[in-house]
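**Q** Before we start, here is the structure in question, set down as structure tokens.
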Amino acid sequence: MLSKSDYIDYIAGYEIPWWGVDKNGYIFHCLSAGTTHVPKVIVDQNEAQSLAGEYFSGILEVSTKSTILFSPANFFFDFVSEYEILLATKGIFCFDAVLNYCDPQGHEVFEKYPYWYKKLAAPVEPIHIDSLDKRVQILMSYFRFDVDVKNNDYIFFKSLLDVL
């Protein structure tokens with residue numbers, strides 16, 4: 001196990017892609033934007049995260065023929081990579097870390113909740129954890145978070161240990 005200072009040093013400055021399951025069973029992918037916004041369980045279970053990446057990036061097939069949704073309403077289109085578009089067509093929600101976030105009224109909330117992620121792309125037909133191979137379900141059981149990726153354009157983690 002990494003200490004808090006080892007953990008911060010390990011991830012600061014690196015773009016860390018990671019996978020999770022929300023409270024409703026939907027799969028999501030996050031990029032850390034070189035911040036320390038990565039839950040500690042992700043770093044502690046790095047090998048499991050690598051296996052998840054292999055499965056969702058390579059093995060899982062495209063699940064929807066429909067267009068994907070850019071969030072909010074094509075605003076971030078220029079920032080969405082082909083990889084994130086591919087993941088969304090496979091039924092996976094894609095998020096990126098927010099470096100500085102203000103609520104719709106312009107009040108900065110970054111200091112209160114520093115672990116924000118913004119939705120970049122969403123599938124029209126999301127995949128549910130129950131529809132995946134049993135081995136993948138077990139693998140992803142380590143990475144369940146108390147967030148709702150389908151109904152929110154922004155998700156946040158109260159702490160680096162905010163795991164269900």
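Any read-out appearing in this document is the output of simple, stated calculations on the displayed coordinates, not a laboratory observation. Keep in mind that this is a model prediction, so the values were computed, not measured. Every residue, glycine among them, receives a Cβ derived from its backbone with ideal geometry; neighbour counts consider all protein chains shown.
**Q** 7 Å from Cα along Cα→Cβ at both Ser57 and Ile129: what's the point-to-point distance in nm?
**A** 2.2
**Q** Once you list every other residue whose beta carbon is under 15 Å from the beta carbon of Leu132, what net charge do they have if Lys and Arg are +1 and Asp and Glu are -1?
**A** Around Leu132, the surrounding residues sum to -2.
**Q** Let's test the formula: R0 of 35 Å, r as the Cβ-Cβ distance of Asn46 and Asp153. What FRET efficiency results, to the nearest 0.05? Mind dumping the intermediate values first?
**A** On the way: r = 29 Å, r/R0 = 0.81.
Computed FRET efficiency for Asn46 and Asp153 comes out at 0.75.
**Q** Moving on to the next point. Taking amide H atoms as placed 1.01 Å from N in the peptide plane, list the residues 5 or more away in sequence, or in a different chain, whose amide H sits under 5 Å from that of Phe95.
**A** For Phe95, the qualifying residues are His29, Cys30, Leu31, Leu120.
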